[in-house]
Each structure stands twice: as structure tokens, then as C-alpha cells.
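Worksheet: one structure, shown below.
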Amino acid sequence: MRSALGRMRRGGGLPVAFGGLFEGTRQFRIAELAGTATPVLLGLTITTGNGLGGKAMALSRPVYVSDYPASRVISHEYDAAVAAEGLRCVLAVPVVVRRRVRGVLYGALRQPMALGDRTMSVAVEAARELEQALAVRDAAQDEAQRVLTAAARPPEADPAAWEEVRAAHGELRALAQRVHDQKLRHDLLAVLGRLATASPEAAPPSDRASGLPSVELSPREVDVLACVASGATNATAADRLGLRPETVKSYLRSSMRKLGAHTRLQAVVSARRAGLLP
């Protein structure tokens, strides 16, 4: 959100920008401000159909008014807040993910005027970038839920359950690198770490604590091994992880050396035994 607002201000010539994401199905709160003179807009609840942002939500398309207080095409529930901030020309762009409005980005000026095509284009592109980021986050959360659901099935009852978990684990590690939200990425990797130690092939905690040598791999080395465990070639792993094949090969050599393995299969088996892969 903060990045999208910054782009609207820098590239769109909109000195004031703000926005928020849905908390429910019909309303959201403005949670980010940029370039404002007062905090009056922060926390303002916007309902579908009300005001400029509410109209953008209802129509699922960008809308703007050249002079907010005088406009006859919107309702005026939020006039007091808009007037307190001194805004006149206001643009609202809905953030739409999978055909569902997830929030609204606003850009504004303190004088009445018509907006040009460049300003509109930059604002729409900023919304698209945010939509892509939310889509990646949603996919990561969905994949995490799939991993947890698969892991909840007893391996003894379904021998294929852990193979599904392992495939999802590798996909999710690759996806986590595309998540820009640092806290979410950290949380996802933490869950995957707990999942790896729960593998039926992992050494019991008592063994790992009292005799077996510990092995530490870098996050990228684990990412590469997770791809290898799914049967991926170096080229396929590079494509999934956004790396060069030579870089993948380097990470694989390094992890094999740390694990004392001479083949890719030995490296995967050792990593599972060490609780680094499920």
C-alpha cells in the first residue's frame, strides 16, 4: 500500500495520496496516508456506494471529481474530513483481485482541476501493482493452508499424504520469496520449518539434541533442496526460484558439502533426517 501511494505521488503528480484495504465485505478503513497535512482521514470508514471511494468500489473502476465539494455525481458523507484536509480534485482507484474489490487508492490535489491521462495511467498502474502483491500473498496463504491440511492426515493412514505435503512445501518455499510483506514471509518460513521437523523421516528431537551433528543450511540452500526433492532439474529449480542455473548448482554443491552427501538423493535424505525438509 505504501509503495503504491508513493508511486502515485511521484509519477502521477498527486501530492496527496491515501488508501486502505477491506476488513469486511462492504467497507474498509483508510489506513495509510502520504502527503497529508492532518490525520483527519486516518481511520475513516468508507462504505460501498458512499462518497467517491464508495462509488469506485460499487463500479469496480476508477472515478474522479475535479471539485469534490461541488460534485453532484457522488454522495457527500465524508465532506467534513475532505474539507479539513483541504482537498478539491480527488481520484479513487479500486484494487481488484480475482474480480473482488479489496480496497481503494486515492490521489488528490488541493485545487480544483481536470486530471490528465498520464495521472490516471500512473494511478491505475499503482493499483495493479498492489493487486499483484495481494494475489501473491493470497496464494501463499492458500498454499500454507493446503500444506497444513495435508500434514494433518496421518501418514500411516495415507502413505501419499507426506508426498503431497513435500510437494506443497517446495512450492510454498518458492512462493515465499515473492512475498514482499516481510512479516508474512517470516511467518510462512517459520511454519514450513516446523513442518519439516514433523516429517516422519526426521530424527527424533532427543536424538538431534544428544548426539547427531547439527546441520545449518541457508534459506536459499533449503529452497534449492526442496525443488530437488520434488524431482526438479537445476533449470526448473532456477525458473521456480528466479535464479540462474549456475547459481542453483552452486547452492546445491554447498548444501551437499554441508550434509556430507555425494548425490542429490543423499542430500535430500540427509536434509529430511536433519529436519530441514519434510
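Measuring nothing but how far apart in sequence close Cα pairs (under 8 Å, 6+ apart) lie, relative to its length, the chain scores a relative contact order of 14 percent. Note on VAL73 and SER218: the extension gain reaches 46.6 nm, defined as 0.36 nm multiplied by sequence separation minus the Cα-Cα distance.
Cβ-Cβ distance of ALA235 and THR263, R₀ of 22 Å, FRET efficiency by 1/(1 + (r/R0)^6): the value works out to about 0.75. Checking [x] -0.38, -0.86, -1.14; [y] -0.39, -0.73, -0.90; [z] -0.25, -0.62, -1.01 against the coordinates, the calculated log10 I(q)/I(0) by the Debye sum over Cα atoms at q = 0.07, 0.11, 0.14 Å⁻¹ falls under label [y]. Over the chain, DSSP H runs of length four or greater, each weighted -39,500 (n - 2.57), average out per residue to a 222 nm ellipticity of -16500 deg cm²/dmol. Extension gain, GLN132-GLN177: 0.36 nm per intervening residue step, less the Cα-Cα distance, totals 14.8 nm. When you work out D = kT/(6 pi eta Rh) for segment 239-278 at 10 °C and 1.306 mPa s, using the Kirkwood radius from C-alpha pairs as Rh and the Stokes-Einstein form, the result is 150 µm²/s.
Every number here is computed from the coordinates shown, using simple stated rules; none is lab data. These figures come from a predicted structure and were not determined experimentally. Please note: Cβ atoms are built from the backbone with ideal geometry, for glycine as well, and neighbour counts cover all protein chains shown.
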